[in-house]
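Student: Encoded as structure tokens, here's the structure I'll be asking about.
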Amino acid sequence: MGVLVNPRTNYYYDNLIRYECLECEKGFIVGKYLSQNSDKDIICPYYHSDRVEADACSDDDLLERYQLGCLNLGYYKEK
Ligand SMILES: [Zn+2]
């Protein structure tokens, strides 16, 4: 779901998913809600391979606890 930051604008902090690329073995992070609500495939940002695998994910409790501030990814949800 993510963490609601601003009820007026329905702005949420997104949970973070860490992916690893099976081609170059580099890691990268995407937003959970953003990636699940996109019609695009997730690809490695370095070599554009689609052979990627999620290996870690934050949850709402973790997001609230660590207060990432400007490092958070966010999204506006339709009301
Ligand atoms: Zn790669």
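Student: Hey, in the GNM for the chain with a 10 angstrom Cα cutoff, which one of 19, 46, 33 fluctuates hardest?
Tutor: Answer for the Gaussian network model of the chain: 46.
Student: In sequence order, what are the phi-derived ³J(HN,Hα) couplings for the range 23-40 according to the Karplus relation 6.51 cos²θ - 1.76 cosθ + 1.60 with θ = phi - 60°, rounded to whole Hz, with x for glycine and proline?
Tutor: Running phi through 6.51 cos²θ - 1.76 cosθ + 1.60 with θ = phi - 60° gives 8, 9, 6, 8, x, 8, 10, 10, x, 5, 5, 4, 6, 6, 9, 10, 8, 8 Hz.
Student: Could you compute the FRET efficiency for residue 50 and residue 1, with r as their C-beta to C-beta distance and R0 at 22 Å, rounded to 0.05? Walk me through the intermediate numbers first.
Tutor: Values: r = 27 Å, r/R0 = 1.21.
Efficiency, from the Cβ-Cβ distance: 0.25.
Student: Moving to a separate point now. Evaluate the distance, in nm, between pseudo-label points positioned 7 Å from the Cα of residue 59 and of residue 76 along their respective Cα→Cβ axes.
Tutor: For the pair residue 59/residue 76, the computed spacing is 3.1 nm.
Student: Let me ask you something else. What is the distance in Å between the Cα centroid of the range 39-79 and that of the range 1-35?
Tutor: Each part's Cα centre sits 2 Å from the other's.
Student: Could you identify which residue out of 14, 60, 39 has the top mean-square fluctuation in a GNM of the chain using Cα springs shorter than 10 Å?
Tutor: Ranking 14, 60, 39 by mean-square fluctuation puts 39 first.
Student: What is the magnitude of the charge dipole of the range 1-54 about its Cα centre, with +1 placed on the Cβ of each Lys and Arg, -1 on the Cβ of each Asp and Glu, and no other charges, expressed in debye to the nearest 20? Could you put the intermediate results ahead of the total?
Tutor: Values: 6 positive and 8 negative charges, 64 e Å.
Result for the range 1-54 is approximately 300 debye, rounded to the nearest 20.
Student: Which residues in the range 57-79 have a backbone N closer than 12 Å to a point placed 7 Å from the Cα of residue 10 along the Cα-to-Cβ line?
Tutor: It comes to 76-79, nothing else.
All of the numbers you see were taken from the coordinates with simple rules; none came from a lab. Remember, predicted model here, so these are calculated numbers, not experimental data. Reconstructed Cβ throughout: ideal geometry from the backbone, glycine too, with neighbour counts over all protein chains shown.
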